[in-house]
Amino acid sequence: MPNHNSTDRRAQIGGTHARSAHLRTMSDNHKYAYLVGTRPNFIKMAPVVDAMRALRPFAEHLLIHTGQHYDDSMSRVFFEELNLPRPDFFLEVGSGSHAFQTAAALTRIESALIETHADVLVIPGDVNSTLAGALAATKVGVSVIHLESGLRSRDRSMPEEINRIVADQVADLCLVHSWSAVENLAAEGIEGDRVRMVGNTMIDSLVRHLPSAERSQIADHLGVEKGHYLLVTLHRPSLVESQDLALVVAVLEDLAEDIPVIFPVHPRTREALDRREIGGRLTLTPPLPYLDFLSLEAHARAVVTDSGGVQEETTFLRVPCLTLRDNTERPVTVTSGTNQIIGSGPDGLRDIWARLESVQRPEEQPEGWDGMAGPRAAAAIVEFNEAFSDTR
Ligand code: UD1
Ligand code: UDP
């Protein structure tokens with residue numbers, strides 16, 4: 001088991017900052033590739049790309065976008081708001097079954113890695129693009145670095161759980177954002193130098209962009225008062241493609257008689273709502289740009305969601321979050337006090353006001369959720385790659 005006494009934690013979490021000298025060296029010939037494909041990937045990866053470019057300005061940094069998400073509202077807007085560089089490769093994978101999407105991404109990522117002779121591929125999170133990146137890179141001898149490694153819901157009916165397990169098994173370096181992830185990896189035999197606790201890069205994006213988000217006019221535009229609306233996001237197939245969706249929406253419509261309910265609708269969910277012609281009393285919007293969404297999230301009375309990232313952001317923002325799932329791979333959001341797991345059906349929403357009474361808003365943030373995870377991740381990536389390249 002990893003040693004979790006606080007001195008060791010600090011040594012591991014902060015230990016590599018000093019290696020940021022900007023001298024031109026052999027290491028400047030290194031090629032770092034970063035994979036993104038979906039909305040949450042852009043938000044998690046932006047701080048890592050920024051920090052890597054600052055730490056190794058003369059090395060080559062390549063961004064590969066699989067195109068798993070491709071609508072402007074799910075992709076382009078995040079590149080603009082997060083100031084992500086234009087992708088060097090846009091693989092146009094698009095939508096399809098799991099096998100189709102993963103296979104298309106796998107073959108196209110492989111070609112990009114072979115063409116560029118990348119040394120490492122950094123893969124974020126748990127989406128199909130992540131799985132494809134893990135398999136493509138490891139088979140062509142490119143080091144795999146998994147960002148947000150070690151999360152486990154212990155629910156193998158979730159596609160994300162399979163993607164995470166495979167990505168972690170093949171990863172040469174696992175970058176984790178909370179201590180429970182270190183324990184999960186150790187239980188699967190992944191430990192020692194292969195695991196680095198760097199903190200949460202999604203929170204880096206939040207910290208950096210919250211001041212701009214505070215200037216958003218979205219609340220006025222939607223005609224709601226700060227602190228007096230519920231914000232909803234739903235996109236897990238287990239919910240939105242089941243009978244539960246109509247039942248959950250019916251409860252939200254009842255709640256909308258007392259408080260505005262704003263529901264930015266994910267494309268998967270849009271199709272399901274349109275098919276059943278439900279949701280008429282809710283304030284439905286297209287997927288929102290990041291800054292508008294952050295602004296609404298920061299000032300919501302509460303958030304109702306099945307999103308992974310939203311559970312984390314509400315923890316940092318100390319906004320009550322009711323998670324419409326039976327489990328979470330992010331237990332720190334629950335132990336921190338703001339997040340409650342209320343089950344994937346409508347029942348947990350019926351006593352929402354009583355639940356909100358019991359929400360805790362602790363002062364302390366989870367360790368490493370401090371806006372500096374990107375630089376720590378970059379230090380760990382560079383240290384790994386430069387040590388490894390000595391043996392290449
Ligand atoms: C994916 C991830 C999920 C993540 C979510 C973030 C997998 C298995 N799932 O789910 O873990 O939480 O992204 O949002 O990788 N669509 C569009 N336009 C787009 C993208 C999608 O219309 O730009 C529609 C298509 O009909 C598509 C459906 O949404 O079939 C689902 O998209 P997909 O990327 O397959 O899965 P998500 O539900 O977005
Ligand atoms: N988000 C956004 N606009 C929206 C909904 C969500 O910018 O309309 C952001 C949100 O702030 C968070 C991320 O998208 O950073 C979460 O992504 P999503 O819920 O799609 O995926 P998950 O985190 O569940 O994998």
query = Using the alpha-carbon atoms, what tilt in degrees (0 to 90, nearest 10) does helix 201-213 show relative to the longest principal axis of the chain?
reply = 60 degrees
inquiry  = Compute for the range 215-336: radius of gyration divided by Kirkwood radius, i.e. Rg/Rh, restricted to C-alpha atoms, rounded to two decimals.
reply    = 0.94
task = Using only Cα atoms, tell me the angle between helix 267-276 and the longest principal axis of the chain; keep it within 0 to 90° and round to the nearest 10.
result = 30 degrees
query = Quick one: accessible area per residue over the chain, 1.4 Å probe, rounded to a whole number of Å²?
reply = 41 Å²
inquiry  = List the lysines whose Cα sits under 23 Å from the Cα of Lys226, skipping any in the same chain fewer than 8 residues away.
reply    = none
inquiry  = On C-alpha positions alone, give me the angle between the axis of helix 98-116 and the longest principal axis of the chain, in degrees, nearest 10.
reply    = 30 degrees
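Would you work out what percent of the accessible area of the chain, with all protein chains in place, is carbon or sulfur (probe 1.4 Å)? Could you put the intermediate results ahead of the total?
Details: 8010 of 16090 Å².
Whole-percent figure for carbon plus sulfur exposure: 50.
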query = Which value, in debye to the nearest 20, gives the size of the charge dipole of the chain about its Cα centre, when Lys and Arg are +1 and Asp and Glu are -1 at the Cβ?
reply = 540 debye
task = Go ahead and estimate [θ] at 222 nm for the chain from helices alone: -39,500 (n - 2.57) per DSSP H run with n ≥ 4, summed, over the residue count, rounded to 500.
result = -13500 deg cm²/dmol
request  = Mind checking which of Ala379, Gln340, Val261 is farthest towards the positive end of the range 244-381's charge dipole, using Cβ charges of +1 (Lys, Arg) and -1 (Asp, Glu) about the Cα centre?
outcome  = Ala379
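For the range 121-166, what is Rg from Cα atoms divided by 2.2 N^0.38 Å, rounded to two decimals? The partial results should precede the final answer.
Numbers: Rg = 10.3 Å, N = 46, 2.2 N^0.38 = 9.4 Å.
Normalised Cα radius of gyration, the range 121-166: 1.09.
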key: Shape category assigned to the chain from the gyration tensor of Cα positions, a/c cut at 1.5   = prolate
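Counting only C-alpha contacts under 8 Å and six or more residues apart, can you give the relative contact order of the chain as a whole percent? Don't skip to the answer; put the middle values down first.
Values: 742 pairs, mean separation 67.4, N = 392.
It comes to 17 percent, rounded to a whole number.
The values are calculated or read from the model by the stated rules, or taken from the named source; none is laboratory data. This is a predicted model, so every value here is computed, not measured. Neighbour counts run over all protein chains shown; Cβ positions are idealised from the backbone, glycine included. SASA here: full protein model, heavy atoms, side chains in, ligands and nucleic acids out. Shrake-Rupley method; radii C 1.70, N 1.55, O 1.52, S 1.80 Å.
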